[in-house]
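The values are calculated or read from the model by the stated rules, or taken from the named source; none is laboratory data. Just so it is clear, the model here is predicted, and its values are computed rather than measured. Note: ideal-geometry Cβ built from the backbone for every residue, glycine included; neighbour counts use all protein chains shown.
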Amino acid sequence: MMKADIIVLGGGPGGYLAAERAGAAGKKVVLIEKNALGGTCLNEGCIPSKALLNSAKIFQHAKEGAVFGVLTEDIKLDTEQVINHKNQVVNALVSGVCAMMDANGVHVVSEFGYVEGKTEEGFVVKAGAETYSADTLILASGSVPVIPPIPGLKEGVADGTVWTNREALDATKLPEKLVVIGGGVIGLEMASYYAMSGVNVTIVEMMDKIAGPMEREVSDILLRAYRRKGVKFKLGCKVTGVTPEGVLYEKNGEEKLEEADQILCAIGRRPYTENMGLENLGLEMNRSAVVTDDHLRTNVDGVYAVGDINGKVMLAHTAYREAEVAVNNILGKEDRMDYSTIPSVIYTDPEVAGVGESEESAEKKGMKVRSVSLSMNYSGRYLAEVQQGDGICKLIVNEEDNTVVGVHMIGSYASEIILAAELMITSHKTVPELQKLVFPHPTVGEIIRETLFL
Ligand code: FAD
Ligand code: NAI
């Protein structure tokens, strides 16, 4: 049995960052990963989806270039090269993670890890032919797509006729008509890629709005932008079945068929915690999620759970910060996770980004807030670069102390600007104090400055 200080189970953003930080601090770390390092994020999530979206965006913008004085003819999308480029980006980043593990002395084991339990040797994990033990265990096994028991759906996913994100990110042949089940983040990002690539796309969503928790005003603008791109929506329609002809959905008690030659299932993800021996630890669970506190500790002394496995905020940047918090606490440095200002971004065209309170969430907390919004067209840079801009910047201000508690944006560069908004919120500065910030000109970010003066 090989003895380590820390065993990390899972090599996605949560696991590899925890391993790197602990290794850098001089701990003997074993990182067990059954697939490629980088997890969902690098291999079949954040990064490949952004690579594909960028290709489709270049294609779309080239087609619309005339308004900017760029005339092009006979533009084609080479989907083989789109996927090649995506794979090159993924490979480069995965190699970077491997190098980072080497540089920090992390022992990487490319096997499936099974937790056997706790003995006098510490926590024992079997991986391939070897067994490892350590006094500290960091669980970071991530998440998997939710596939509910809808007739035809599980079977379709199992035989590959229904896509999940994995297949949708690897298709070199474009379908003619794609039906996406779920108008959440994955559904919207993938619909954006396929629609901009020329595919006829319909999204079937059971709620009456897209992008679930997103501010209503922002989600309505996004819906209009998608419709302009030709994406069709069946809102308030619950999918009840999948057949060789397409997707069956129910609206007002009536069952209808939306024909498809390809279906993508994107109705959420759940923590991946089964069949890896976690029950041998006596962990407190909430359905499939491992319950953690704000130090990322579980109920079992010495066991931490970071990233999607705890089901709190299933985003890569949350996993990074949780990994840091867990490792700092393991190293004896007090650190706590704050979930209140984690930015969320949808990388569509236009981009959507938000941080902090929405009008609805502030209201629920009994906060007295006012909201101010401004069209992105007040930014000179935005106007110069965007053809059909109905983007907005919306600030939620706490009436009691005149501080900004939420920022929500839709429009180009929103994903890059939102960090500034997060800094504004966490600085707890008042609006008059924030008005003194000097923004570079011309940038789309200046819209925040303009909105602060409303
Ligand atoms: P994961 O990245 O899922 O990694 C877990 C790893 O553990 C996997 O590699 C798995 O193979 C391994 N593993 C599990 N069990 C075992 C075992 N028993 N033994 C060995 N290895 C094991 N988030 C963002 O912040 N921004 C985005 O733009 C974004 N886009 C996304 C797009 C898509 C299509 C998807 C699906 C997700 C996206 N996400 C995005 C979410 C993001 O990918 C996850 O939040 C993030 O990957 C979670 O990191 P993690 O380390 O917890 O888990
Ligand atoms: P999601 O929770 O964002 O959206 C799922 C949608 O499916 C919801 O709107 C829901 O109402 C709908 N739905 C559920 N059952 C349905 C049914 N029977 N019929 C019709 N609609 C139904 O989940 P999604 O899109 O799968 O993404 C999973 C997670 O991946 C996200 O929550 C996020 O954590 C992560 N992610 C993050 C991204 C980012 O940060 N940009 C990008 C992609 C994924």
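Below, the figures for the structure above:
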read-out: Residue ID - nearest to K50 (Cα to Cα), chosen from residues in the stretch 322-353 that are outside any helix (DSSP H, G or I) and in contact with a strand residue (DSSP E or B) (Cβ under 6 Å, 6 or more places away or on another chain); value: I346
read-out: Candidate set from the stretch 298-321 (those that are of a type in the set (A, V, I, L, M, F, W, C), within 24 Å of D5 (Cα to Cα) and assigned to a loop (DSSP other than H, G, I, E, B)); member that is farthest from ligand 1 (Cβ to nearest atom); value: V300
read-out: Residues of the stretch 161-179 satisfying the condition of being assigned to a strand (DSSP E or B) and more than 12 Å from ligand 1 (Cβ to nearest atom); value: V162, K177, L178, V179
read-out: Identity of the residue in the stretch 266-288, crowded, with 16+ Cβ neighbours inside 10 Å and of a type in the set (K, R), that ends up farthest from ligand 1 (Cβ to nearest atom); value: R270
read-out: Residue in the stretch 295-314 that is surrounded by fewer than 18 Cβ atoms within 10 Å (Cβ to Cβ) and either within 17 Å of the chain's Cα centre (by Cα) or small (G, A, S) (or both) present; value: yes
read-out: Restricting the stretch 323-350 to residues that are more than 14 Å from ligand 2 (Cβ to nearest atom) and among the acidic types (D, E), the residue that is farthest from G268 (Cα to Cα); value: E334
read-out: Subset of the stretch 154-192 (residues that are under 17 Å from the mean Cα position of the chain (by Cα) and β-branched (V, I, T)); value: T164, V185, I186
read-out: Looking only at the stretch 383-397, and only at residues there that are surrounded by fewer than 20 Cβ atoms within 10 Å (Cβ to Cβ) and in contact with a strand residue (DSSP E or B) (Cβ under 9 Å, 6 or more places away or on another chain), the one that is modelled with the highest pLDDT; value: D390
read-out: Candidates I203, I210 - the one that is touching a Gly at 6+ places or on another chain (Cβ under 7 Å), more than 20 Å from A260 (Cα to Cα) and hydrophobic (A, V, I, L, M, F, W, C); value: I210
read-out: Test: residue in the stretch 339-357 that is away from ligand 1 (no atom under 16 Å from the Cβ), over 27 Å from the mean Cα position of the chain (by Cα) and either on the phi < 0 side of the Ramachandran plot or crowded, with 17+ Cβ neighbours inside 10 Å (or both); value: no
read-out: Tally of residues being more than 9 Å from ligand 2 (Cβ to nearest atom) and more than 15 Å from R336 (Cα to Cα) across the stretch 311-322; value: 1
read-out: Some residue of the stretch 271-287 being under 30 Å from G389 (Cβ atoms), within 21 Å of the chain's Cα centre (by Cα), of a type outside the set (K, R) and within 16 Å of ligand 2 (Cβ to nearest atom); value: no
read-out: Among the residues listed as K234, K256, the single one being within 14 Å of ligand 2 (Cβ to nearest atom) and more than 28 Å from S55 (Cα to Cα); value: K256
read-out: Any hit, the stretch 151-158, residues being within 20 Å of P271 (Cα to Cα) and part of a loop (DSSP other than H, G, I, E, B); value: no
read-out: Per-region count, the stretch 369-421, residues outside any loop (DSSP other than H, G, I, E, B), without any contact (Cβ under 8 Å) to a residue 60 or more places away in the chain and not aliphatic (A, V, I, L, M); value: 10
read-out: Near pairs, Cβ below 6 angstrom, 6+ apart or cross-chain, from the stretch 80-94 (within 14 Å of A171 (Cβ to Cβ)) to any residue that is part of a helix (DSSP H, G or I) and among the hydroxyl-bearing types (S, T, Y); value: V82/S55
read-out: Residue list for the stretch 157-195, restricted to those being over 16 Å from A51 (Cα atoms), surrounded by fewer than 20 Cβ atoms within 10 Å (Cβ to Cβ) and in contact with a Ser or Thr (Cβ under 9 Å, 6 or more places away or on another chain); value: V157, K173, L174, K177
read-out: Those residues of the stretch 291-316 which are closer than 12 Å to P13 by Cα and not hydrophobic (A, V, I, L, M, F, W, C), in sequence order; value: G307, D308
read-out: Flag if S133 is of a type in the set (S, T, Y), in contact (Cβ under 8 Å) with a residue 24 or more places away in the chain and farther than 30 Å from S344 by Cα; value: yes
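This table checks each residue for (1) in contact with an Asp or Glu (Cβ under 8 Å, 6 or more places away or on another chain); (2) at pLDDT below 95; (3) not small (G, A, S).
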{"position": "R287", "(1), (2), (3)": "no, no, yes"}
{"position": "I309", "(1), (2), (3)": "no, no, yes"}
{"position": "V313", "(1), (2), (3)": "no, no, yes"}
{"position": "A316", "(1), (2), (3)": "no, no, no"}
{"position": "A326", "(1), (2), (3)": "no, no, no"}
{"position": "I330", "(1), (2), (3)": "no, no, yes"}
{"position": "R336", "(1), (2), (3)": "yes, no, yes"}
{"position": "P343", "(1), (2), (3)": "yes, no, yes"}
{"position": "E357", "(1), (2), (3)": "no, no, yes"}
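Each row is one residue, and each column tells you yes or no for (1) surrounded by fewer than 19 Cβ atoms within 10 Å (Cβ to Cβ); (2) within 16 Å of ligand 2 (Cβ to nearest atom); (3) under 22 Å from the mean Cα position of the chain (by Cα); (4) part of a loop (DSSP other than H, G, I, E, B).
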| site | (1), (2), (3), (4) |
| --- | --- |
| L42 | no, yes, yes, no |
| A56 | no, yes, yes, no |
| A62 | yes, no, no, no |
| T72 | yes, no, no, yes |
